[in-house]
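Q: Quick one: this structure, given as structure tokens, is what I'll be asking you about.
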Amino acid sequence: MDHRANQNSERGRGTIFPRRPQIGSVTLCLLTALYLLGVTNHTFWIKAYGYLVDISPLTFALFVIGISAMVFAVLVLFSAQYVTKPVLILLVIIASASSWFTDQFGTIIDREMIRNAAVSTGAETAHLITPRFVVHILLTAVLPSLLIAWVRIRHRPFFSKVLHNAGIIVACVAVFASCAFADYRTFAGVGRAHNDILDRLNPFLPIVSAARYTIDAHRDRNIVAAPIGTDAHRVNLAATHKPRVTIIIAGETARAPNFSLGGYARETNPEMKARGVTYFKNATSCGTATAVSIPCMFSDLTRAGYSHRKAAERQNLLDVLGYAKIAVTWLDNDTGHYNVADRVPYTFLPSTADPRFCKDGECLDGILTDKIDGWLNGVKGDSVLVLHQLGSHGPAYFARYPEEFRRFQPDCRANDFGKCSAQEIRNAYDNSILYTDHIVGEAIDKLKQRSDTLAGAVVYLSDHGESLGENGIYLHGMPYVVAPAEQTHVPLAFWLSDDLAEDAGYDLTCLAKTTGEPRSHDNLFHSILGLMDVSTSVYNPALDVFSGCRRAPKTVARAD
């Protein structure tokens, strides 16, 4: 009786708790490879299809076979006891998360995107964690990972496994090579014309990018910025005894195509227009992400010569101003200064949690202009104030402007673009530009109010642009070589007080005739030095946007 009861009990347990299925390690690698290629690489295949199928369907078929063989070979490399499951699960999780941003926003997760993500604030990251993103992770990362963890893996004896795996890897490499050489001329031509063809392959590009960023960060951690422009000194070309004050507004995610000053049909810049700013309509950025553009625009390096390491190895515009005994202050409402303000007074305003402007770790840019009066009251000599905006940073454009600036409606009130129409997204973005226009206008007005005691100037320049769905791409951060113009065409505007323009010899009529000429982040370093009358060996007048429209008045000495 007891024996039969035990048998029934075992059968019952077998019904409720079925035995875990067994699978060979190579078979599991093959299934995982097919899953990664088929589920988490939608955008990769769409791009490759567009590049290759018009040339020859056979060429595209060879590409699919070759890439699939190499992905399988890479996974088989990790087909070893105690290694297979952790590696496959990690690859699935990375591919799932990466595919969301690649498929939803057209993002390419290269080294600079990893760098930008590494310095993002918690509030900024939170805007990207939407319910749809969570569902995506549950379905495409958690569920397959649980399946991989659940099954039992059959492993061959060690030496048999080594030989078996090596044979498969060699066969896969042979298939890849055969496919490549079968139409090598076409693949080489497409690779040259579309060097981003592999940039969306998940999870391999994100892993390589993260490794490159980690190596760079470790290598660069002990860099000390070498001094530049230590010979800087002020030459008073302006016959004025008033302190000269320049406010630099470093914009965030503002794209030039949506500035009415440049011809956009909507009136998004009424305040700058009313104040007579000089707007350069053909300016380009150094990068497509803040972590690149902010260090680059304050560096004496041009975009062609810029790299993260080179910029870290040398001081920047703020240091040169300091050598000229010009007081510099940086007020930040974005994600930081990226080492640019390491040696000047710096305040990170979101940490104040000012309830008038701040919510959930982020603040409206009004918190910047709110601080201008106090700073101006403390000015005792020539000074520069940098205001780093949160600007139009997405996807939560609606959180970048107060209620009274909801001029364009209906505006997208979600941080998930899937819940909004293209027009609603554009309306919200345009409202954020309208608010930036107000911020610049306020800065100008505060200097105007002190025209009796200060000679003022305002410079506005955005760090990069933004994609709003053109060609299926959203947000920013694309590699520069393939970035659309929407991410690199940025607004650049100057305002000079009347007395400064007159006394310093600026011909505004002449300057207005140059506004269609190409400008870029390369101009900021030298234009600010010229604007502040700083003489130094690192100043290049050819990159000063004012130099060609400035007469040379009599030099007037002024004690510091």
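Q: Whole-Hz Karplus ³J(HN,Hα) for the range 325-337, in order, using 6.51 cos²θ - 1.76 cosθ + 1.60 and θ = phi - 60°, x for Gly and Pro?
A: 6, 9, 6, 10, 9, 10, 10, 10, 10, 10, 9, x, 10
Q: Moving to a separate point now. Distance cut-off 20 Å, Cα to Cα: go down the list LYS242/LYS273; LYS85/LYS161; LYS371/LYS448; LYS242/LYS281; LYS242/LYS371 and report the pairs above it. All intermediate terms of the calculation are to be shown ahead of the outcome.
A: Working: LYS242/LYS273 27 Å; LYS85/LYS161 16 Å; LYS371/LYS448 16 Å; LYS242/LYS281 32 Å; LYS242/LYS371 22 Å.
Going by Cα-Cα distance, LYS242/LYS273; LYS242/LYS281; LYS242/LYS371 fall outside the 20 Å limit.
Q: What order do you get for LEU317, LEU508, LEU163, LEU52 when you list them from fewest to most C-beta neighbours inside 10 Å?
A: Numbers: LEU317 27, LEU508 14, LEU163 11, LEU52 23.
Exposure proxy ranking, most exposed first: LEU163, LEU508, LEU52, LEU317.
Q: What Cys residues in the chain are without a partner cysteine, judged by a Cβ distance under 4.7 Å?
A: Lacking a cysteine Cβ partner under 4.7 Å: CYS29, CYS172, CYS179.
Q: Further question: Please rank HIS337, HIS164, fewest neighbouring Cβ atoms within 10 Å first, as an exposure proxy.
A: HIS164, HIS337
Q: Tell me the GluC sites (Glu not before Pro) within the range 246-291 that lie in a loop according to DSSP and have at most 14 other beta-carbon atoms within 10 Å.
A: On the way: sites: GLU252, GLU267, GLU271; in loops: GLU252, GLU267.
Filter output for the range 246-291: GLU267.
Q: Using Cα pairs under 8 angstrom and six or more residues apart, how large is the relative contact order of the chain, in percent?
A: Working: 939 pairs, mean separation 117.1, N = 560.
Relative contact order of the chain: 21 percent.
Q: In whole Hz and in residue order, list the ³J(HN,Hα) couplings for the range 187-203 that follow from phi through the Karplus curve 6.51 cos²θ - 1.76 cosθ + 1.60, θ = phi - 60°; x for Gly and Pro.
A: 4, 5, x, 5, x, 6, 6, 10, 6, 9, 4, 9, 6, 10, 6, 8, x
Q: May I ask you to list the aspartates and glutamates whose Cα is less than 12 Å away from that of LYS325, ignoring any residue fewer than eight positions away on the same chain?
A: Excluding near neighbours in sequence, the set is ASP231, ASP382, ASP533, ASP560.
Q: Here's a follow-up. Considering only the chain, what is the antiparallel percent among its DSSP beta bridges, to the nearest 5? Don't skip to the end; give the middle numbers.
A: Working: 17 of 46 bridges.
Given both bridge residues lie in the chain, the antiparallel proportion sits at roughly 35 percent.
Q: Within straight cross-link reach of LYS47, meaning Cα distance under 29 Å, which lysines are found once same-chain residues fewer than 8 apart are removed?
A: The qualifying lysines are LYS419.
The numbers here are math on the coordinates, done by the rules we state, and not lab data. Small disclaimer: the values here were computed from a predicted structure and weren't measured. So basically every Cβ, Gly included, is an ideal-geometry build from the backbone, and we count neighbours across all protein chains shown.
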